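Rule-based calculations on the coordinates, nothing more; no lab input. Computed from a predicted structure; not experimentally measured. Backbone-built Cβ (ideal geometry, glycine too); neighbour counts: all protein chains shown.
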Amino acid sequence: MSYLHHITAQSLKIDRRFIETLHPQEHNNRTIVAAIASLTREPGIKAVAEGVETEQQWDLLGEYAIDFIQGFWT
């Protein structure tokens, strides 16, 4: 964790494995995604969610203010 302040990335991609099981009743992945969103917000790093395939995932990611969405949901 001490290396986090040395990161100079402009964006951070959230792997689709966290997104696949993202739903209101699944607490662990929701907590992880929320923590990633929080970690990226303060230093201005853009968060990208990979593998969004449902409206429910889209809605939950909107709650966490994820900057970009990738996936097959239309």
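Among residues belonging to segment 16-74 that are β-branched (Val, Ile, Thr), out of contact with any helix residue (DSSP H, G or I) (no Cβ under 7 Å at 6 or more places or on another chain) and more than 24 Å from Tyr3 (Cα to Cα), point out the one that is surrounded by the most Cβ atoms within 10 Å (Cβ to Cβ). Going through the qualifying residues, I end up with Thr54.
Taking the criterion of being among the basic types (Lys, Arg) and in contact with a strand residue (DSSP E or B) (Cβ under 7 Å, 6 or more places away or on another chain), the only residue of segment 31-66 that qualifies is Lys46. So, Pro24, is that one touching a Lys or Arg at 6+ places or on another chain (Cβ under 9 Å), outside any helix (DSSP H, G or I) and of a type outside the set (Gly, Ala, Ser) or not? For Pro24, the condition - touching a Lys or Arg at 6+ places or on another chain (Cβ under 9 Å), outside any helix (DSSP H, G or I) and of a type outside the set (Gly, Ala, Ser) - is met.
Name the residues in segment 48-68 that are among the hydrophobic types (A, V, I, L, M, F, W, C) and either touching a Leu at 6+ places or on another chain (Cβ under 6 Å) or part of a loop (DSSP other than H, G, I, E, B) (or both), would you? Before you say what the answer is, go through the steps one by one.
Residues of segment 48-68 that are among the hydrophobic types (A, V, I, L, M, F, W, C), as a first pass: 48-49, 52, 58, 60-61, 65-66, 68.
Hits for segment 48-68 are Ala49, Leu60, Ala65, Ile66.
Of the residues in segment 19-39, at least one is at negative phi and touching an Asp or Glu at 6+ places or on another chain (Cβ under 7 Å).
Quick check: is even one residue across segment 27-48 of a type in the set (Val, Ile, Thr) and more than 12 Å from the chain's Cα centre (by Cα)? Checked segment 27-48: no residue is of a type in the set (Val, Ile, Thr) and more than 12 Å from the chain's Cα centre (by Cα).
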